[in-house]
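These notes are about the structure you will find just below.
The values are calculated or read from the model by the stated rules, or taken from the named source; none is laboratory data. Since we're looking at a predicted model, the values are computed, not measured. For neighbour counting, all protein chains shown are included, and Cβ atoms are generated from backbone atoms with ideal geometry for every residue, glycine included.
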Amino acid sequence: MRVKCFLCDKIESIDNETLQAKRLRNRPIHTYMCKPCEERITTKTNARKATGNFKLYRSQLQEEEW
């Protein structure tokens, strides 16, 4: 399956039998992000969390589940 990263528009191939491919086929709201973009966002988010100024906003329902 050919997929396109929604951040950098890089086109990659993933195996059709993977769970990620199935999610992308069956639920159009799901988007694909390549590994370099995913790692970049993860490191930047963790750096923001470390500063103490990062606040994660969640709905009341999500707060009750946690």
- Do any residues in the stretch 31-45 that are more than 14 Å from PHE6 (Cβ to Cβ) have Cβ atoms under 8 Å from those of residues that are outside any helix (DSSP H, G or I) and hydrophobic (A, V, I, L, M, F, W, C), where the two are at least six apart or on different chains, and which pairs are they? THR45/PHE54
- Yes or no: LEU56 modelled with pLDDT under 90, assigned to a helix (DSSP H, G or I) and among the hydrophobic types (A, V, I, L, M, F, W, C)? no
- Among the residues of the stretch 12-28, which ones are surrounded by 10 or more Cβ atoms within 10 Å (Cβ to Cβ) and outside any helix (DSSP H, G or I)? GLU12, ILE14, THR18
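Just the residues that are among the hydroxyl-bearing types (Ser, Thr, Tyr) and in contact with a Leu (Cβ under 7 Å, 6 or more places away or on another chain), please, taken from the stretch 23-62. Walk me through it before giving the result.
Just the residues of the stretch 23-62 that are among the hydroxyl-bearing types (Ser, Thr, Tyr), to begin with: 31-32, 42-43, 45, 51, 57, 59.
Answer for the stretch 23-62, where residues must be among the hydroxyl-bearing types (Ser, Thr, Tyr) and in contact with a Leu (Cβ under 7 Å, 6 or more places away or on another chain): just TYR32.
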